[in-house]
Each structure stands twice: as structure tokens, then as C-alpha cells.
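Down below is the structure, laid out as C-alpha cells.
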């Protein structure tokens, strides 16, 4: 299973095999825990994406949605709603706030 959850990096080091790893907590900023109450995890550093990289990717998606809306007038309304959802997420992430309520992207 894969997904995305915001986290805070607590420490970073190289393991005995030379892999760069990080200990993260999901306690901040959104307090996400496993069913067992675990909020700290050790993961490969490459699995952690910065907020700036996430914002840049969402900005690319906004542009793509707007371009497709111009090219596909019959789907323009849905594509522009999707672009607006991405803009809301960008604004929230840029301000360090919580993600807005989930919306279905079509």
C-alpha cells in the first residue's frame, strides 16, 4: 500500500549499508498514527518529498488541467474544478496548514 502523509524529519543518517535514511514523525503537523498508535518511522530519505517539490508538482498539474480545459471544452468545467482543488492544496501547503477537505478529482 502506498500513499502520502505529511511528516516532520527528526533525524537523518546513513545505515550500515550506506543508505541514507531518516526518522520521521507523523505526529506533526497532522497527528496521523497507525492503528497501534505508532507515529515514528525510519524510511529511505528518497521516500521523503519536500513541500517545495510537492507544490511544484501541483503547479504543473494546474497548468495541465487548464491546458486540457482549453483543448477539451466539453470537459472544461470538471478540469477547471480540478485545477482549483490543486490551487487550494498549494495554498494550504504553502501556509503550513492542514490539507483542505478531500474532494473527488475527476
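A quick yes/no check of all residues on (1) part of a helix (DSSP H, G or I); (2) surrounded by 11 or more Cβ atoms within 10 Å (Cβ to Cβ); (3) under 17 Å from the mean Cα position of the chain (by Cα):
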| position | (1), (2), (3) |
| --- | --- |
| 13 | no, yes, no |
| 18 | no, no, no |
| 30 | no, yes, yes |
| 41 | no, yes, no |
| 53 | yes, no, yes |
| 56 | yes, yes, yes |
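Among the residues of region 86-106, the one identified as farther than 22 Å from residue 7 by Cβ and at pLDDT 70 or above is 87. The residues listed here are 83, 78, 71; of these, the one that is closer than 30 Å to residue 28 by Cα and modelled with pLDDT of 90 or more is 83. Determine whether residue 26 is surrounded by 11 or more Cβ atoms within 10 Å (Cβ to Cβ), at pLDDT below 95 and touching a helix residue (DSSP H, G or I) at 6+ places or on another chain (Cβ under 9 Å). Judged against the criteria, residue 26 is not a match.
The values are calculated or read from the model by the stated rules, or taken from the named source; none is laboratory data. Only a predicted model underlies this, so the values are computations on that prediction, with no experimental measurement involved. Cβ atoms come from the backbone with ideal geometry, glycine included; neighbour counts cover every protein chain shown.
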